[in-house]
Amino acid sequence: MKDSYHICFTSHDEVMFRDDEDHGMFVNLMALRGFSQGTEILVDSEMSTHAHLNVFSDKPMLYAGTLRMSYTKYFNKKYGRDGRMGEKYTYLTKVEGFYHQMVLENYIQRNGLHHGAAPTAFGYKYCSVRDLFARELGFEQEPAASFTRNEIASFLPRYSEFPDNWQMTPSGIFIRSSFMELRRAEQFYGTSRNYLYQMNRLTDESWSHEQLRDNTGQPITLSMIEHADEKSVAQMLNNENGRNFKHGKLQDMDVCRLIDKDLLPSYGVNSVYQLTSTQRNAIARTLLYEFHLPESQISRCLP
């Protein structure tokens, strides 16, 4: 029997995604592993240091493990890297109850807002937030490319199995509406109006009180979803009103692009993992003194 689960991968000391291609490959692998294992994917969100998924599965750890292993293999091959990607532990939480499920989806869809990557939940690109109720809310979706099956396969790992009706964007990313159970995710909101409300309401005690109606399990909270300390959670809650968002602030992927496209060529290497300690320190000084970036951000973008 399939049940609902929250899956979270974390990598706080090193970014998981350095460019759009990395995000796209994660989505493709998320789809492929779901198809091969009969796992239904409802919503997702990928940040630079972690990824959230809500799935219906009878083997959630198998799905999480194969997805993580496949993505690590891709990332290591692309960047000449070795070893495990991120922290060893994969967070897995079983979700029961109508309101528990809706709150979980809320937190996942609002992830970019909570981490200050966008001024609203709908402003964050690397998640499924604009795929739910897309037609009713007027969200324009990237058009599907008229690829043949062989052309689709060229963007994927060898011997990948996928249905004939799955569609891709021109850049080679499976369109979420092709493989995700979006209609099932929408059922917990009922209407597009309620979805808008849930994406914009501020988190307070009512979120936990509403979940008591399910009469099952402890309430889903932001600290539970993020596995974060009180200070970090407080900052996330403070980001909800959007007033702290800074349009000129460099996000992690902006910094990775700066490093990979602008700074690496002068050192004659193709990846940050090929730098010597001296070269890495020189780039770190540039990022610190010329771009005034926090040391923590430099450290995870320049491992």
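The values are calculated or read from the model by the stated rules, or taken from the named source; none is laboratory data. None of these values were measured; they are calculated from a predicted model. Note that we place each Cβ from the backbone using ideal geometry, even for glycine, and neighbour counts take in every protein chain shown.
Consider the stretch 29-49 and keep the residues that are surrounded by 21 or more Cβ atoms within 10 Å (Cβ to Cβ) and within 11 Å of the chain's Cα centre (by Cα). The one that is nearest to Val272 (Cα to Cα) is Ser48. Can you confirm whether the stretch 217-232 contains a residue that is β-branched (Val, Ile, Thr), in a helix (DSSP H, G or I), within 22 Å of the chain's Cα centre (by Cα) and modelled with pLDDT of 95 or more? No: zero hits. Of all the residues in the stretch 233-263, those that are in a helix (DSSP H, G or I) and of a type in the set (Phe, Trp, Tyr) number 0. Taking each residue of the stretch 58-73 that is acidic (Asp, Glu) and looking for partners that are at pLDDT 95 or above with beta-carbon atoms closer than 7 Å, six or more apart or interchain, yields Asp58/Lys2. Does at least one position in the stretch 13-20 carry a residue that is within 13 Å of the chain's Cα centre (by Cα), under 20 Å from Gln251 (Cα atoms) and part of a strand (DSSP E or B)? No: zero hits.
Residues of the stretch 61-91 that are over 15 Å from Asn28 (Cα atoms) and either loosely packed, with under 15 Cβ neighbours inside 10 Å or outside the structural domain of Asp19 (by TED's automatic domain parsing) (or both): Met61, Leu62, Gly65, Lys77, Gly80, Asp82, Gly83, Arg84, Lys88, Tyr89. Among the residues of the stretch 96-117, is there at least one that is of a type in the set (Val, Ile, Thr), at pLDDT 95 or above, on the phi < 0 side of the Ramachandran plot and part of a loop (DSSP other than H, G, I, E, B)? Checking the stretch 96-117: not a single residue is of a type in the set (Val, Ile, Thr), at pLDDT 95 or above, on the phi < 0 side of the Ramachandran plot and part of a loop (DSSP other than H, G, I, E, B). More than 22 Å from the chain's Cα centre (by Cα) and either surrounded by fewer than 21 Cβ atoms within 10 Å (Cβ to Cβ) or hydrophobic (A, V, I, L, M, F, W, C) (or both) - does that describe any residue in the stretch 119-131? Looking for residues that are more than 22 Å from the chain's Cα centre (by Cα) and either surrounded by fewer than 21 Cβ atoms within 10 Å (Cβ to Cβ) or hydrophobic (A, V, I, L, M, F, W, C) (or both), one finds none in the stretch 119-131, hence no.
In the set Asp214, Asp229, only one residue is over 21 Å from Ser128 (Cα atoms), surrounded by fewer than 13 Cβ atoms within 10 Å (Cβ to Cβ) and assigned by TED's automatic domain parsing to the domain that holds Ala134; that residue is Asp229. Residue check: Met47 meets all listed conditions (1) modelled with pLDDT of 95 or more; (2) among the aliphatic types (A, V, I, L, M); (3) farther than 26 Å from Gly242 by Cβ but one, namely (3).
Here Phe26 does not qualify as under 23 Å from Ala228 (Cα atoms), of a type in the set (A, V, I, L, M, F, W, C) and either at pLDDT below 95 or crowded, with 23+ Cβ neighbours inside 10 Å (or both).
Restricting the first member to the stretch 134-158 and to residues that are closer than 18 Å to Tyr195 by Cα and touching a residue at least 12 places away in the same chain (Cβ under 8 Å), and the second to residues that are polar (S, T, N, Q) and assigned to a loop (DSSP other than H, G, I, E, B), the beta-carbon pairs closer than 6 Å and six or more apart or on different chains are Ala134/Gln141.
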